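*Asks:* Below is a structure I'd like to ask you about.
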Amino acid sequence: MTSTVLKKTGADRTIAFAGYGLLAASVFTAGLTGLAGVILAYASRSQVSPGVRRHLNAQIGIFWVALVLFLISVGAGIAATVIEIDDLRNGSGVYLAKLQILAWTIDVSAWRLVPQVVGLVAFSAVIGLAGALWTVVGPLIGVIRLATHAGEGVTAKS
């Protein structure tokens, strides 16, 4: 009965729109709304029309790709921290003499630069930004596709 009501009223499309909104908002809520969105997608998948089911499957894919990118980013950040702590204990870094930022010169003679840490931090930042971009752009494209196919998801007019 529920699936028939969802399909006939077009509520299945509303569920898909809500899922996309929750996924896009997850960038600003530390992933909590994305988790709610993927739970909604998993729970609703069997009760919607085939066209909307494709959108829910896409939402599930967006969530898992974003989660993997987040975990890779965090892993790289943790690795950089571990390497930096090890370097601070062993003192094996390359010392810098001064740091030029725009017109200011800062004396950083006591600072050490560990190339692996710089690389891992940069990698972590790039992967993290890619994940955030994926989490915003993926749902945006999905909303545009869902909105341009207005009849999709409604199987009967009653």
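The values are calculated or read from the model by the stated rules, or taken from the named source; none is laboratory data. Predicted model only: the values in this text are computed from it and were never measured. A quick note on method: Cβ atoms are made from the backbone with ideal geometry, for glycine too, and the neighbour counts reach across all protein chains shown.
*Asks:* Which is among the β-branched types (V, I, T) and at pLDDT 90 or above, of I106, I85, I62? Give the derivation first.
*Replies:* Details: I106 fails: at pLDDT 90 or above; I85 fails: at pLDDT 90 or above.
Exactly one of I106, I85, I62 is among the β-branched types (V, I, T) and at pLDDT 90 or above, namely I62.
*Asks:* Right, next: Output the residues belonging to region 34-68 that are among the hydroxyl-bearing types (S, T, Y) and outside any helix (DSSP H, G or I).
*Replies:* S49
*Asks:* Still on this structure, please answer the following. Take region 12-38 and flag every residue that is surrounded by fewer than 16 Cβ atoms within 10 Å (Cβ to Cβ) and closer than 14 Å to L67 by Cα.
*Replies:* Residues satisfying the conditions are T29, A30, L32.
*Asks:* Quick one: how many residues across region 134-158 are among the polar types (S, T, N, Q) and modelled with pLDDT of 95 or more? First the steps, then the outcome.
*Replies:* Restricting attention to region 134-158, the residues satisfying the condition of being among the polar types (S, T, N, Q) are 135, 148, 155, 158.
Narrowing further to those that are modelled with pLDDT of 95 or more: 135.
Looking only at that region, the number is 1.
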